[in-house]
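Notes follow once the structure below has been shown.
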Amino acid sequence: MLEKRNELAVEIVARLDKAYPEARQELNFSNPFELLIATILAAQCTDVRVNEVTKTLFVKYPTPQAILAAQPGELQEDIRTISFYRNKAKGITAASSLLVEKHCGRVPSDAEQLVELPYVGRKTANIVLSNAMNIPAIGVDTHTMRVPNRLGLVSEQNPDKVERALCKLLPRDSWHRANIVLQWHGRYTCKAKKPLCADCAVFDLCAWPDKEPLN
């Protein structure tokens with residue numbers, strides 16, 4: 001049974017890779033610290049809005065040390081167009097402080113050390129590792145949760161369990177690309193409220209009982 005699901009998972013990722021050749025991490029960044037900050041900002045906020053803010057934010061605050069040197073309330077003001085900006089400013093400042101104290105201002109390349117940072121869970125840690133450090137990992141966001149469940153690859157509602165299941169189903173060297181294309185499929189086709197089943201590249205492989213029949 002597991003072997004068949006392994007084959008199904010590989011086939012689904014291969015098809016989605018062909019369907020979304022342009023798929024990429026949509027948060028703009030040039031190093032692990034920038035992606036860490038962008039991912040924190042992106043919680044319950046659009047990538048488009050985050051990218052608008054980080055255009056100038058990363059110039060002003062290129063390092064954790066620069067974050068810590070900001071005047072009280074300055075960072076909060078700089079990100080005020082982001083949802084929950086007050087809490088996120090506190091989280092970014094606290095994470096920057098720990099980076100300086102424990103890691104000499106560098107973002108660690110270890111998931112367990114990353115999740116010790118304030119506002120950093122496994123999703124954020126894995127996104128940073130995979131996209132900014134080329135370390136195979138799967139960050140489970142709302143799309144990476146929904147799509148594999150609909151497709152029948154997993155039957156879990158816990159993000160950590162979904163991560164472990166997908167890592168078990170897919171070859172390690174495909175984790176990064178699988179993560180990206182599953183996210184894109186969820187964002188642009190297999191949408192939460194109204195999935196575009198007629199446009200689905202894996203419709204015939206989908207086990208979701210509520211998928212719309214093709215005409």
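The values are calculated or read from the model by the stated rules, or taken from the named source; none is laboratory data. No experiment lies behind these values; they were computed from the predicted model shown. FYI the Cβ positions are ideal-geometry reconstructions off the backbone, even for glycines, and counts take in every protein chain you see.
In region 103-111, the condition of being part of a loop (DSSP other than H, G, I, E, B), touching a residue at least 12 places away in the same chain (Cβ under 8 Å) and among the hydroxyl-bearing types (Ser, Thr, Tyr) is met by at least one residue.
Yes/no matrix, rows are residues, columns are (1) free of Cβ contacts under 8 Å to residues at least 24 places away in the same chain; (2) hydroxyl-bearing (Ser, Thr, Tyr):
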| site | (1), (2) |
| --- | --- |
| Gln113 | yes, no |
| Ala132 | no, no |
| Ala137 | no, no |
| Lys161 | yes, no |
| Leu170 | no, no |
| Ser174 | no, yes |
| Arg177 | no, no |
| Lys193 | yes, no |
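Looking across region 1-40 at every residue that is crowded, with 18+ Cβ neighbours inside 10 Å and among the hydroxyl-bearing types (Ser, Thr, Tyr), the one that is farthest from the chain's Cα centre (by Cα) is identified as Tyr20. Taking the conditions exactly as written (surrounded by 16 or more Cβ atoms within 10 Å (Cβ to Cβ), β-branched (Val, Ile, Thr) and assigned by TED's automatic domain parsing to the domain that holds Lys90), does Val50 satisfy them or not? Considered against the rule, which asks whether it is surrounded by 16 or more Cβ atoms within 10 Å (Cβ to Cβ), β-branched (Val, Ile, Thr) and assigned by TED's automatic domain parsing to the domain that holds Lys90, Val50 comes out as yes.
The residues of region 86-116 that are among the aliphatic types (A, V, I, L, M) and farther than 18 Å from Val50 by Cβ, listed by number, are Ala94, Leu98, Leu99, Val100, Ala111, Leu114, Val115.
Only residues that are of a type in the set (Phe, Trp, Tyr) and in contact with a Cys (Cβ under 6 Å, 6 or more places away or on another chain) were counted in region 72-86, giving 0. Only one of the numbered conditions (1) touching an Asp or Glu at 6+ places or on another chain (Cβ under 8 Å); (2) of a type outside the set (A, V, I, L, M, F, W, C); (3) crowded, with 21+ Cβ neighbours inside 10 Å; (4) closer than 14 Å to Ala9 by Cβ is not met by Arg177, and that is (3). All conditions but one from (1) of a type in the set (Ser, Thr, Tyr); (2) in a loop (DSSP other than H, G, I, E, B); (3) touching a residue at least 40 places away in the same chain (Cβ under 8 Å) apply to Thr124; the one that does not is (2). Every condition in (1) under 20 Å from Val128 (Cα atoms); (2) part of a helix (DSSP H, G or I) holds for Ser30 except the one numbered (2).
Within region 32-73, the set of residues being over 20 Å from Ser109 (Cβ atoms), touching a residue at least 24 places away in the same chain (Cβ under 8 Å) and in contact with a Lys or Arg (Cβ under 8 Å, 6 or more places away or on another chain) comprises Leu41, Ala43.
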